[in-house]
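Heads up, the thing below is written out as structure tokens.
The values are calculated or read from the model by the stated rules, or taken from the named source; none is laboratory data. Owing to the predicted nature of the structure, the values given are computational and were not obtained by experimental measurement. Cβ placement follows ideal geometry from the backbone for every residue including glycine, while neighbour counts extend to all protein chains displayed. These area figures cover heavy atoms from the full protein model, side chains too; ligands, DNA and RNA do not enter into them. Shrake-Rupley method; radii C 1.70, N 1.55, O 1.52, S 1.80 Å.
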Amino acid sequence: EAACCAEPVELLTQILSKKYALLLMYVSYGDQLREMFRDGVYAHFQEHIEEERQSIYAINKKLTALGEDGSAHHEEIPCVRLDDARDVFSNIQREEEACVCLWSKLFHATEDDVALNGMAQEGAQLDQTHADDMKRYLRSHR
């Protein structure tokens, strides 16, 4: 059984690492963005922060149920120009889309596990929604 779960556990661990990085990106970039419209972005990022925290908790619960321990390790957060909203939005978009790719890999690796497969679909949908938000911000801020 351990062999059949190795790939999903590894993918969940990779997703978790990206999710912690995203959480920190939303907090630090949102808190420090130096643009006139920062208050609106900050408020929107608060919604994303809460959704990321819920997602992180769900991943940790699943890893625990699979006999593993989650990890709070995260990837390095890119330095961005906080007076350049495009840099902020594009970095977040890139990280969200990387999560979608990992969720897709989990989806394809768990065709026989309805629960994990559903989790992968829900995770991909949430992260794609966040990436689409960044795309909309980028379109409106030329």
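Brief remarks follow.
- Ligands, DNA and RNA left out, the accessible area of the chain computed with a 1.4 Å probe is 50% carbon and sulfur.
- For the chain, the residue among Ile77, Ser140, Ser17 whose Cα projects farthest onto the positive side of the dipole built from Cβ charges is Ser140.
- Heavy-atom accessible area ranking, 1.4 Å probe, most first, across Met25, Met119, Met36: Met36, Met119, Met25
- Ala58 paired with Arg86, simple spin-label distance in nm, labels 7 Å along Cα-to-beta-carbon: 3.4 nm
- In the assembled protein chains, Lys62 presents an accessible area of approximately 50 Å² (probe radius 1.4 Å).
- Over all orientations, region 50-121 has a Cα convex hull whose mean projected area works out to 5.8 square nanometres.
- Lys, Arg +1 and Asp, Glu -1 on Cβ, resulting dipole of the chain about Cα centre, debye, nearest 20: 540 debye
- Rel. contact order, % - alpha carbon contacts under 8 angstrom, at least six apart, the chain: 30 percent
- The Rg/Rh ratio of region 15-55, with Rg taken over Cα atoms and Rh as the Kirkwood radius over Cα pairs, comes to 1.01.
- Based on the Stokes-Einstein relation at 20 °C and a viscosity of 1.002 mPa s, and on the Kirkwood radius from alpha carbon pairs, region 29-75 is assigned a translational diffusion coefficient of 171 µm²/s.
- Orientation-averaged projected area, Cα convex hull of the chain (nm²): 8.1 nm²
- Column: log10 I(q)/I(0), Debye, Cα scatterers of region 2-81, q = 0.16, 0.20, 0.27 Å⁻¹: -0.64, -0.86, -1.22
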